[in-house]
Amino acid sequence: MNLFDLSVRCLARKRVRTLLLFGIVFAASAFIYAGWACRSAGIRTQSEGKRAIGASFRLEENEANRHVRSTEALKKIGKNTNGSADGTHVEQLESGAWWVWHDHSFETLQMEDILTLAGQEGISEYNITTANIVVNLAGAARVEDPDTEHDGEGNWVSLRGDRDMRLDMDVQNGNVEVREGRMIVPGDENVCVISRELAELNGLRTGDCLEFGERNPSETSAVCRAEIVGIYDTVRKMTPIMYGDSYRSENIIFTDLRFPEKAEGHEGDPLYQYAVFWVEDVDEYDVVRERMKAADIEWERYDFLDNTGMSDTVASNFGDMETLSTLLLALVTGAGALILFLIFLFWLGGRIHEIGVLLAIGRSKTAVVMQMVLEGVLIGSAAFGLTTFCAPAVSQGVADYLVGYELAQEVPESAAEGRMLYLDEGTQVLGVETAVTPNVVIRSACSVLGMIVAAVLLSGVPVAVKRPREILSRMS
């Protein structure tokens, strides 16, 4: 009887042992498959992560420079003097106190600088967003909390101007969705998009017009009209920038870029708060960033925020998935080998009679150990073959769990640090795929085979070190 036939007969005779070993090798093989598949998924995700997140840059005012410019303007005006300089104004009130304030020209991003950056090679599209401008809503009622005092507030709402509403951060983040009508597009004038709550409260629909005026209107105040082109639903509440119903989500009205300044009574004096630039080819992200930083604009006025702080963190987390997958492989392979070693070692004690008979009929100790190795390989082959059919689902589940965990960690961190995370609810990160390629199969097979052979050889050490006479003497 050859070695193969003997191994098969032993496995058939010890059914419980065979089934237990089969289950252990099957479970270990599934996670080994997942480990190798997640390594390749992690590599692909690292190169694709920015596509899912949105490779973009944001321009906003630098607070330190703002303070420097204000100080310099005050020096130009002079101490204890009414006057104006560089958008800074000083006025003594009747009470004797001095009031210092800044107009829009001091606070706004400069349009020429925005256009310079938007024109850089590699930028596919851009958006400009104004600050939330509080104005008076005429001829309609705003949404109010009946349990809140509104002393000092009129019928005020917030206007937010966008060059392209589709690229507004709250739209990109999925906080609002326009489900009736359309969004505001470049070139629109005197149009707006209102909340579902505001529309239902006033019986408004697309095509109707709203009138706006200065926050505290006078008899000479002009009234500006905007046509309602869309109605949005609030998926998640937009974070109010200040206390009061003027800033609540339902009272935020999206308009074309230049409308807020008209309604406020400051036409020609806009207040641009953000400008966001999207990169055409994410693989050129770093190159485009350096190209933009070399642009000739007043950089000291701005903070130039890119998604590197967030994208690289997420990408590194996805890159870390390769490290986590390697750790998973090491743990599963090591633990599997240890469990198999202990099982084979335990069962070896129950096979002394069998081993003694084999040695008595002239089998070498090497042949005895090789028989046990072959038994392990046969069990492993059957378990590995079945695992191959389950590997895609197991691998995808493990990869989704790791990526979901990293994103769950990143979202609150991004919010706490004020970083942008352009992921709609339920969005799947591109590149998280765990196709069981021939390369994955070969590596997994080698890992499972190595685990089994290592476990069996280690458990066979007691047989190898004992003399045949010692083994035969234990049979009596």
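In this structure, does Phe254 turn out to be over 31 Å from the mean Cα position of the chain (by Cα), surrounded by 15 or more Cβ atoms within 10 Å (Cβ to Cβ) and under 27 Å from Glu177 (Cβ atoms)?
Spelling it out, it is not the case that Phe254 is over 31 Å from the mean Cα position of the chain (by Cα), surrounded by 15 or more Cβ atoms within 10 Å (Cβ to Cβ) and under 27 Å from Glu177 (Cβ atoms).
Answer yes or no: is there a residue in the range 158-172 that is over 29 Å from the mean Cα position of the chain (by Cα), under 26 Å from Val235 (Cβ atoms) and surrounded by fewer than 16 Cβ atoms within 10 Å (Cβ to Cβ). No: the range 158-172 contains no residue that is over 29 Å from the mean Cα position of the chain (by Cα), under 26 Å from Val235 (Cβ atoms) and surrounded by fewer than 16 Cβ atoms within 10 Å (Cβ to Cβ).
A Cβ distance below 6 Å, combined with a sequence gap of six or more or placement on separate chains, defines the contacts here; from the range 259-286, residues that are without any contact (Cβ under 8 Å) to a residue 60 or more places away in the chain reach residues that are among the acidic types (Asp, Glu) in the pairs Gly265/Glu214; Glu267/Glu261. For Arg215, are the conditions met, namely being among the charged types (D, E, K, R), assigned to a loop (DSSP other than H, G, I, E, B) and touching a strand residue (DSSP E or B) at 6+ places or on another chain (Cβ under 6 Å)? Spelling it out, Arg215 is indeed among the charged types (D, E, K, R), assigned to a loop (DSSP other than H, G, I, E, B) and touching a strand residue (DSSP E or B) at 6+ places or on another chain (Cβ under 6 Å). Residues that are in a loop (DSSP other than H, G, I, E, B), under 30 Å from Tyr285 (Cβ atoms) and charged (D, E, K, R) within the range 109-149 comprise just one, Glu121. Taken over the range 266-309, residues that are of a type outside the set (Val, Ile, Thr) and in a helix (DSSP H, G or I) amount to 13.
Pairs linking a residue in the range 180-207 that is in the same structural domain as Ala140 (by TED's automatic domain parsing) and free of Cβ contacts under 8 Å to residues at least 12 places away in the same chain to a residue that is of a type in the set (S, T, N, Q) and crowded, with 16+ Cβ neighbours inside 10 Å, with Cβ atoms under 9 Å and 6 or more positions apart or on different chains, do not occur. Of the residues making up the range 75-89, those that are outside any loop (DSSP other than H, G, I, E, B) and within 11 Å of His102 (Cα to Cα) number 4.
The values are calculated or read from the model by the stated rules, or taken from the named source; none is laboratory data. Just so it is clear, the model here is predicted, and its values are computed rather than measured. Please note: Cβ atoms are built from the backbone with ideal geometry, for glycine as well, and neighbour counts cover all protein chains shown.
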